[in-house]
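The values are calculated or read from the model by the stated rules, or taken from the named source; none is laboratory data. Predicted model only: the values in this text are computed from it and were never measured. Note that each Cβ is placed from the backbone with ideal geometry, even for glycine, and that neighbours are counted across all protein chains shown. With ligands, DNA and RNA removed, areas are computed over all heavy atoms of the protein, side chains included. Shrake-Rupley method; radii C 1.70, N 1.55, O 1.52, S 1.80 Å.
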Amino acid sequence: WCWGASDAWQLGRTVASPARPDRVPDVPAARSIACGARHVCAATDDGTVCWGADELGQAGAAPTPRIAPHLVTDVRAIALTAGTAHTCALAADGTVTCWGAHAMGQLGPDVAPPTALGFSATPVRIESLGASAIAAGAQHTCAARTDGRVVCWGRADGGRIGFAGTGAHPALELVEGADFTRLVAGGDELSCASADAGATLRCWGSTAYGQLGLGGAPAAGFEVMATPVASMVTPVERVDAGAGFGCAIAASWEGLRQAPD
């Protein structure tokens with residue numbers, strides 16, 4: 001079911017009243033969904049379908065707006081994530097496939113080098129990743145691997161991929177201090193990770209708005225090492241991040257304490 005803006009057909013239908021939620025036609029038995037800036041993808045029993053904006057191939061088809069859900073070729077996913085104009089899918093065997101914009105290296109190392117207008121509507125498989133969870137920021141993606149490590153790729157500015165660089169970075173970057181297997185989150189300027197049992201939530205990236213949750217006053221700069229979030233009880237059951245902020249669900253609120261100024 002979708003509602004709201006429909007300038008790029010991101011509701012998956014022609015609409016008379018976009019303010020009212022309505023069912024997206026021809027999406028059978030969806031089990032996962034991901035929204036980019038103006039496109040949507042869903043994992044279904046029949047494969048992965050996408051609709052909406054597609055000027056950079058983010059809907060997995062030749063660049064043209066997709067009014068109706070489009071079946072992305074050869075992508076069966078158990079989980080999906082989407083950035084501004086790229087999409088990544090996690091398969092049951094741990095492989096990750098991405099498509100869409102590649103100006104910042106969002107599609108990983110196994111495709112042509114990034115260019116200003118680079119993209120691929122054809123899904124690109126990232127080899128030898130062995131992922132258990134994925135999460136995209138606006139122009140980067142992180143994956144938790146089955147060996148307990150976290151790797152990120154895409155836009156490097158502000159330390160969001162655990163690397164002190166700038167611009168496009170398609171290489172898989174191992175995040176120092178992030179030894180987790182289940183929960184990852186990507187925001188516009190930060191990333192976070194935690195395990196699914198008893199581990200501390202850690203984040204890395206820009207510190208401009210206090211989005212790493214370190215306590216104290218926000219300050220210019222960034223942190224490339226996965227750093228513990230202050231005052232969070234464990235275990236963390238769910239974590240997500242937006243443009244300059246993060247949120248998490250803890251197993252219990254008891255014991256929460258105010259972070260020091």
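Listed by position, the strands (runs of 3 or more DSSP E) contained in the stretch 145-233 that have at least 2 residues being open to solvent by less than 60 Å² (accessible area, probe 1.4 Å) and out of contact with any helix residue (DSSP H, G or I) (no Cβ under 7 Å at 6 or more places or on another chain) are 150-154, 183-186, 190-194, 222-228.
Those residues that are open to solvent by 10 Å² or more (accessible area, probe 1.4 Å) and touching a Pro at 6+ places or on another chain (Cβ under 8 Å), I need them from the stretch 31-48; list them, please. Correct list: D45, D46.
For the stretch 96-121, the set of residues classified as at pLDDT below 95 and β-branched (V, I, T) consists of V111, T115, listed by residue number.
For the stretch 123-133, the criterion of being farther than 25 Å from E176 by Cβ, open to solvent by less than 50 Å² (accessible area, probe 1.4 Å) and either of a type outside the set (K, R) or modelled with pLDDT under 95 (or both) is met by at least one residue. For first residues located in the stretch 105-130 and β-branched (V, I, T), partners that are modelled with pLDDT of 95 or more and part of a loop (DSSP other than H, G, I, E, B) and lie 6+ apart or on another chain with Cβ distances below 6 Å form the pairs V124/L107; I126/G108.
Test A103 against the criterion of being closer than 22 Å to V184 by Cβ, in a loop (DSSP other than H, G, I, E, B), within 19 Å of the chain's Cα centre (by Cα) and not acidic (D, E), and give yes or no. No. Scan the stretch 76-97 and tell me whether some residue there is open to solvent by 60 Å² or more (accessible area, probe 1.4 Å) and more than 20 Å from the chain's Cα centre (by Cα). Checked against the condition, which is being open to solvent by 60 Å² or more (accessible area, probe 1.4 Å) and more than 20 Å from the chain's Cα centre (by Cα), the stretch 76-97 yields no hits at all.
Pairs are defined by a Cβ separation below 7 Å, a sequence spacing of at least 6 or placement on different chains, a first member in the stretch 158-173 that is more than 15 Å from M225 (Cβ to Cβ), and a second member that is loosely packed, with under 15 Cβ neighbours inside 10 Å; the pairs so defined are P170/P109; A171/P109; L172/P109.
Number of residues in the stretch 207-253 that are in contact with a strand residue (DSSP E or B) (Cβ under 9 Å, 6 or more places away or on another chain) and either among the aliphatic types (A, V, I, L, M) or more than 22 Å from C152 (Cα to Cα) (or both) equals 19.
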